[in-house]
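What follows is a set of notes on a single structure, which appears directly below.
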Amino acid sequence: MTDVLNVRDLNVSFALHESEVHAVRELGFDLRQGETLAVVGESGSGKSQSFLAIMGLLAKNGRATGSARMGDVELVGMAPGKLDAYRGKDIAMIFQDPMTSLNPSLKVKTQLAEVLVKHQGYSLDKAIKESIAMLDRVGIPAPERRANAYPHELSGGMRQRVMIAMALLCRPKILIADEPTTALDVTVQAQMLDLFKELTNDFGTALVMITHNLGVVAGLADRMMVMYGGRAVETGTVDELFYDPRHPYTLGLLSSTPNPESRARRLNPISGLPPSLEHLPEGCSFNPRCAFRFDRCLVERPPLEPVGEGQRRKACFYEGPLVAEERSA
């Protein structure tokens, strides 16, 4: 498969009154055409900020360095005016709360048609027709009537589908979905995940699913990148990380996720809290919460290095077996 995005040494920082917070450090990954990459981790791990940086959507006090190349196009550092030619057309993002992403004073059809008028040069009539067809494509019943509605007249699930339709209108190479199922009930969540899978298959779009919910990952993603403290700590295929995690944090996430097929009655949560990005601990950022830490972990930060002969990588010095009940902190 062809790479559609290559990220190398991406760093994101935010200037505060008396200090600078590093939200993302030395992030690197490749995204291939038609695949789904899940980016997982607790809140504050740097998941969303990484992709907001790639999209050029950081807050005013944010700064990104490094490289994010979409083919021959370097996105990091590109002027906003130039980025507008690619955002929505080649790379699109779906945000967690569609109500804050849709204009409450404009009808749905107006907001969708604007994308095609701007990026594809369609006439307004043709753009509205295409928009209604895409609303139908993403499973919105009576799409003509819903196209004439305002966002507040639609349910949360329908608003999310509108956002997906908007993101897909220009058949982007890359679709980034930031916690797109968090505010939805489990039935609508399942429908959304089926829709994502169907659309990536049909359009060949590469999907990035940013989530803290590993249940979302299992049936949707091809590969997974686990982030902690602003860094990637383990990457690999979903099967590799689900069935044979090599980083204690990945094991902790899996152990604290409900599994209907498991006979265990109690979950095994990760002890402690995620670190403050202003005051990361010395050595491995996960060491205060890690049951497998040893002296080296307290003073040296492990690099993200290959595991075996495949594409799998981990940032951990511990080489023994990872069993949740084996050791206690």
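The values are calculated or read from the model by the stated rules, or taken from the named source; none is laboratory data. Predicted model, so just to flag it, every value in this text is computed and none were measured. Note that we place each Cβ from the backbone using ideal geometry, even for glycine, and neighbour counts take in every protein chain shown.
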(request) Please verify whether the range 165-182 includes one or more residues that are touching a Ser or Thr at 6+ places or on another chain (Cβ under 6 Å) and among the basic types (Lys, Arg). (result) no
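Tell me, yes or no, whether the range 316-323 has at least one residue that is at pLDDT below 90, surrounded by 12 or more Cβ atoms within 10 Å (Cβ to Cβ), over 30 Å from Asp185 (Cβ atoms) and out of contact with any Gly (no Cβ under 8 Å at 6 or more places or on another chain).
Taking the range 316-323 and keeping what is at pLDDT below 90, we get 320-323.
This time we only want the ones that are surrounded by 12 or more Cβ atoms within 10 Å (Cβ to Cβ), so: 322.
Filter once more, keeping what is over 30 Å from Asp185 (Cβ atoms): 322.
Going one step further and asking which of them are out of contact with any Gly (no Cβ under 8 Å at 6 or more places or on another chain), we end up with 322.
Yes - at least one qualifying residue is present in the range 316-323.
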(request) Report whether or not Ser43 is modelled with pLDDT of 95 or more, under 16 Å from the mean Cα position of the chain (by Cα), under 16 Å from Ala177 (Cα atoms) and among the hydroxyl-bearing types (Ser, Thr, Tyr). (result) no
(request) Find the helices (runs of 4 or more DSSP H) located wholly in the range 140-242 whose residues include 1 or more that are surrounded by fewer than 16 Cβ atoms within 10 Å (Cβ to Cβ) and touching a helix residue (DSSP H, G or I) at 6+ places or on another chain (Cβ under 6 Å), and list them. (result) 143-147
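Out of Ala64, Ala92, Ala23, report the one residue that is more than 19 Å from Gly229 (Cβ to Cβ) and outside any helix (DSSP H, G or I).
Step by step, each of Ala64, Ala92, Ala23 is checked, and only Ala92 is more than 19 Å from Gly229 (Cβ to Cβ) and outside any helix (DSSP H, G or I).
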(message) Looking at Gln49, Gln33, can you tell me which residue is surrounded by 16 or more Cβ atoms within 10 Å (Cβ to Cβ) and closer than 28 Å to His119 by Cα?
(response) Gln49
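Of the residues that make up the range 278-289, is at least one in a strand (DSSP E or B) and within 20 Å of Arg25 (Cα to Cα)?
Scanning the range 278-289 turns up no residue that is in a strand (DSSP E or B) and within 20 Å of Arg25 (Cα to Cα).
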(message) Which numbered condition in (1) among the polar types (S, T, N, Q); (2) over 18 Å from the mean Cα position of the chain (by Cα); (3) closer than 19 Å to Cys170 by Cα; (4) surrounded by fewer than 21 Cβ atoms within 10 Å (Cβ to Cβ) is the only one that Ser101 fails?
(response) (2)
(request) Might you check whether a residue that is touching a residue at least 60 places away in the same chain (Cβ under 8 Å), crowded, with 16+ Cβ neighbours inside 10 Å and under 21 Å from Arg171 (Cα atoms) occurs anywhere in the range 105-116? (result) no
(request) Looking only at the range 129-139, count how many residues are of a type in the set (A, V, I, L, M, F, W, C), buried (at least 21 other Cβ atoms within 10 Å of the Cβ) and either in contact with a His (Cβ under 9 Å, 6 or more places away or on another chain) or not in a loop (DSSP other than H, G, I, E, B) (or both). (result) 3
(request) Would you point out the residue of the range 60-75, among those that are under 14 Å from Ile174 (Cβ atoms) and under 19 Å from the mean Cα position of the chain (by Cα), that is surrounded by the fewest Cβ atoms within 10 Å (Cβ to Cβ)? (result) Arg69
(request) Just one of (1) in contact with a Leu (Cβ under 9 Å, 6 or more places away or on another chain); (2) in a helix (DSSP H, G or I) trips up Glu42, so point out which. (result) (2)
(request) Please tell me if Met78 is assigned to a loop (DSSP other than H, G, I, E, B), under 22 Å from Leu175 (Cβ atoms) and more than 18 Å from the chain's Cα centre (by Cα). (result) yes
(request) Taking the options Leu57, Leu31, name whichever one is assigned to a loop (DSSP other than H, G, I, E, B), more than 19 Å from His212 (Cβ to Cβ) and under 15 Å from the mean Cα position of the chain (by Cα). (result) Leu57
(request) Could you list all residues from the range 37-67 that are of a type in the set (Val, Ile, Thr) and out of contact with any His (no Cβ under 7 Å at 6 or more places or on another chain)? (result) Val39, Ile54, Thr65
(request) With the checklist (1) at pLDDT 95 or above; (2) touching a Lys or Arg at 6+ places or on another chain (Cβ under 6 Å) in hand, flag the one item Ala291 doesn't pass. (result) (1)
(message) Going by what's in this entry, would Met1 be described as in contact with a Gly (Cβ under 9 Å, 6 or more places away or on another chain), in a loop (DSSP other than H, G, I, E, B) and more than 25 Å from Leu193 (Cβ to Cβ)?
(response) no
(request) Just one of (1) surrounded by fewer than 11 Cβ atoms within 10 Å (Cβ to Cβ); (2) free of Cβ contacts under 8 Å to residues at least 60 places away in the same chain; (3) under 24 Å from the mean Cα position of the chain (by Cα) trips up Gly310, so point out which. (result) (2)
